[in-house]
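Read-outs: derived from the displayed coordinates by stated rules, not from any lab. In this text, all values refer to a predicted model and were calculated from it rather than measured experimentally. Ideal geometry is used to build each Cβ from the backbone, glycine not excepted, and the neighbour counts take in all protein chains shown.
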Amino acid sequence: MSEKNLTRREFLKASAGAVGLAMLAGCAAPTPQTVEKVVEKVVTATPAAKQTTLTFFNWASAEEVTRKNVEKIIAKFQSENPGVTIKNVPYGFGEIQNQIIIATTGGNPPDVMQLSSNMPFELAGMSALEPLDSYVTKEYLADNTPANLQAATYQDKLYAIPWSITPHAFWYSKKMMKKFGLDPNKPPQTIDELNAAFKAIKDQSKGEVYGMGLDTTKRQYALVHQWPWMLTFGAQPYKDGKPNFDAPEMVAYFTWLREITNQKYNPPGLILRDFRQFSAGEKEVFAWDGPYFKGTLASINKDLLDDKVFHETWAVTSIPKGKLGKAVTVTDNHELAISKACQNKAMAFKFIQALVSSDLAVTDYYIPLGSIPPLKTLTDKFKDKFADPVSQAYLKDVIPSSQSLPFGPKFAAASEFMLVAMQQAVTTNDSIEKILKDAQANLKIVYGL
Amino acid sequence: MSFKVETIAWRKWLARWHSPWNETGLAMLLIAPAVAIMGFVILYPLVRGAYLSTLNYSLLDPAGPTPAYLNNYGKILQDKVFWESLWNTFFFSGASVLFSFIGGLLLAILLDQNLPFSRVLRGICLIPWIVPFIVVGFLFTYIFNFDVGVVNYILRAFGVIDSNQPWLARPNLAMTAVITANVWNQTPFYMLMFLAGLQSIPSELKDAASIDGANPLQVFWNITIPHLQNIMVITTILMLIRNFNNFPLIWVMTQGGPIYSTTTLVIYIFRLAFSDFNFGYAATVAVIWLVMLMVMTALYVRRFEREIAL
C-alpha cells in the first residue's frame, strides 16, 4: 500500500487552498479581457451580394414606451429596402455607452447607434465615428436648430444626427400654486420671484411640499440637469476652451443651491425619477424636466392621462431669469451616428433618415415618446399634432433658447470633479470659494492646462 | 496456466502505479484539466491585469496604449481619492464585520437556548442572509429614503431627530446607512457559524464547570469562547475578504457618493475603468487591491491549516 494516499488532513488543507483561490476568483477585477469575453457576438454589415445587415445598438428598443414603435419603423424600412436587414440590438441607457466602446475596441462596432450627451464626443475622440458632413445637405442642416447640431459637432465635423429633442424646461403646477396662494397664471419670472415662491410654498404647506427638485446625485446627468441654472446665474463653467469653475457667478450659483437645499425647498440626493413621483403626488410645485413630463406623470397618476385635466393642472415655460438676463436651457438630445467601420454607410444613413424624418417617425415615435422632432419641416407638416400648449411652449420659447454643453472626450473625467464640488457645496459647510478653487485646479489638470 | 500469467502481469502493471513517481504523474495528469481551466480563467486575467497596470491605456485614446512602466504606481501616492477609498474600504469592512460579529454572537446564544419554536426562529433569522446584495441595496435605499423612509419616521416618532435626515445624501450619514444594510444582511451568517460552534461544545464540560461553582459568565468566558475561538477567527477573515469586494450594495445605495464618502476600492476601480475608461490606472489600483486580498486569503488559509492540525 502506498504511503502517498491523501489523508483527511491533507484533503482539508487542499480544500482550504481551493476555497482561497475561489475567493480570489470572485475578487478578480473586471479586466478588459473578461469584459471582452462577454461582448455579444454581433454580425456586422457585409457587402455580400445584395444582402446588407446593419446592426443597430439603441436603448429605444429596450424601453417599453418606444420598443414597438421603433420595431415598426424598422419593419417598414426593411420592406421598402429589400435585401436590407436591421439587426436591432437593445441595451439599457445606462449600459449602451460601455457596450459601444467595448464592441468598438474589440473591432466589432455596431453600424448605427443611438447616442446622447457626451457619447458622440467620446466616440469621435476615439475615431470610431464616421463624419456625416458629406451625407447631409445644406437644407437639412438649416432645418435643424444650430444648438442641436452643435451638440453633435466635434472639431468642426458633424458626427451624429439629432433625433429626439428633449431639453429641460420649467414646469409649474397651476393647481398647487393656487393652493399655496400664488397666482397660477404668473409662474416665477426671475430667481428672486422663484425664491419667494419657494418660501411661500414651504410656509403654507408647513414643509410638507417641496419647491423644486434639482438632481444633486453623482450621476453625470445631474450636471446636464443643473447646467442651465448655472448659466442663468451668469456662470460659464467652461469658457473659451478652458474651465472657468471658480468664477464669482459659480460661487453665487452654488451658494443658492446650498441655500435651497438647506431650506428643504430642494430635496437632496434624489434623481429626476424621484422628483416625478413628487410632482405626480402633488408634493412638488415646480419641476425642471423634459417634454415627456406629461407622459411620465400620467403613467404615475392616471387622472393626468386626460389632456384637458393635465393642461388645467400643469403648464410649462422657460427658466426664470437670473443675472444672465435671458432664458436659457441646454440641449438634451438623442442622436444617431454611423460607425467608421460600417461597410454600407449610404444604407446606414438612409436608415437614419427613416428614423429621423419619416412621417411614421413623427406619428409613432416622437409623439408617443413626448419629444419634439429636430426638423422644422416636420413640426410644420404636422402642426396640428404640435398645437398643444406644451409643444408650443417648447417650439417657441424653450428650444430656441437651447445651448450645447461643452462636451468633449475629457468631459467625463471633468464632470467627476464638477459633481464632487457640487456635492461638497450641497452637503457640507465648507467654503464654496475653496471648493470651487480645488475643483478648478483639478479641472485644469484634466484639460492639461 | 494462462489465467495465472495474465493475473501476474496485471498485478505488475498495477504495481507500477504504486511507485511514488508514477503516482505523482497520475495525480498531475488528473488535475491538469482543472489547473488549465483555473489558469485560463484566473491566472491569465491576473497576469494581464498586472501588465495593464504598466501602461497608459485609455479606451478613449485612439493612439492606443503606451508604456507607463511604474508611473501609475507613483501616481497612486499622489491620488487623494485612492487613499480615501482605501480608508473607506477598511472602515466599511471593519465596521461591518464588528457589528455583524456581535449581532451574530448574541443571536446564536439566544437561539442556543431551548426556546419554543427555536427551529422556526432560526429559519426566520436566516432570511436576510439569502437576500441578494442588489435587493438589500434597493430595500435599504427605501428604508433610508429622505422623504418616506421608515428610519426617519421612527427616529422622528421617538423624538431623536426634529426633521427628516438625508441619510444617503450626507457624507457623514451615508456610510452609516450602507454599513447598517450590510450588517443586516451578514449577521445571520455569523449566527449560523456560532450556533454550529455552540452546539458542538460537550454539555458535560459546562455541567462540570457549573458543579465546580462557575457562574454563567465564567462558563461563557472560560468554556464557550475558547471553543468558538477558531470559528471566530476564520469567519472574521472570510467576511473581511467578502466585504473588501462588496460592490453591488454600495453601488445601488450611493454609487460611492456623496462626494467620495462611500467610495471603496472596488467602486473606485469600477469608476476608473467604466466611467473614465482609464484601464491602465484602474488596473494599477486593482493590483494593489488584489495584493491586500491575497494577504488576507493567506491568513485565512494558514488559520484553516492550524485548525485542522489541532
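Numbers for the structure displayed
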| item | result |
| --- | --- |
| Summed side-chain charge close to A:Leu436 - residues other than A:Leu436 whose Cβ falls under 11 Å, Lys, Arg +1, Asp, Glu -1 | -3 |
| Helical mean residue ellipticity (222 nm; -39500 (n - 2.57) per DSSP H run of 4+; nearest 500) of chain A | -13500 deg cm²/dmol |
| B:Glu23, A:Glu284 arranged by Cβ crowding within 10 Å, fewest neighbours leading | B:Glu23, A:Glu284 |
| Residues with amide H under 5 Å from that of A:Val84, placed H, sequence gap 5 or more | A:Thr52 |
| Neighbour-count ranking [beta-carbon atoms within 10 angstrom, fewest first] of A:Cys342, B:Cys125 | B:Cys125, A:Cys342 |
| For chain B, built as a Gaussian network whose Cα springs stay under 10 Å, the top-fluctuating residue of B:Asn72, B:Asn278, B:Asn22 | B:Asn22 |
| Set of aspartates and glutamates near A:Lys396 by C-alpha distance (under 18 Å), chain-local residues within fewer than 8 positions excluded | A:Asp143, A:Asp289, A:Asp332, A:Asp380, A:Asp384, A:Asp388 |
| Separation of alpha-carbon centers, region B:180-202 and region A:207-228, rounded to whole Å | 42 |
| Global geometry of the protein assembly as shown, whether rounded, prolate or oblate, following the gyration tensor of its Cα atoms and the 1.5 cut on a/c | oblate |
| Exercise: per-residue mean of other protein chain Cβ atoms within 10 Å, A:122-131 | 2 |
| Most fluctuating residue given options B:Val266, B:Val136, B:Val295, as computed from a GNM of chain B linking Cα atoms under 10 Å | B:Val295 |
| For region A:375-390, Karplus couplings with θ = phi - 60° (6.51, -1.76, 1.60), whole Hz, Gly/Pro x | 9, 5, 4, 6, 5, 6, 5, 10, 4, 5, 7, 10, 8, 5, x, 5 |
| Over 23 Å (Cα to Cα) - which of A:Lys340/B:Lys75; A:Lys138/A:Lys345; A:Lys308/A:Lys376; A:Lys199/A:Lys321; A:Lys157/A:Lys383 fall in this group | A:Lys340/B:Lys75; A:Lys308/A:Lys376; A:Lys157/A:Lys383 |
| Listed residues B:Ile109, B:Ile31, B:Ile76, most fluctuating in chain B (Gaussian network, C-alpha, under 10 Å) | B:Ile31 |
| Using a Förster distance of 22 Å, the FRET efficiency for A:Tyr447-A:Lys326 (Cβ separation, nearest 0.05) | 0.20 |
| Region A:322-373-region A:108-166 distance, computed between alpha-carbon centres (Å) | 9 |
| Antiparallel %, DSSP beta bridges [both residues in the protein assembly as shown], to 5 | 65 |
| Whole-Hz ³J(HN,Hα) from phi, Karplus 6.51 cos²θ - 1.76 cosθ + 1.60, for region B:88-98, glycine and proline x | 4, 4, 5, 5, 4, 5, x, 5, 4, 5, 4 |
| Cβ-based exposure ranking for B:Arg122, B:Arg170, B:Arg11, in which fewest neighbours within 10 Å come first | B:Arg11, B:Arg122, B:Arg170 |
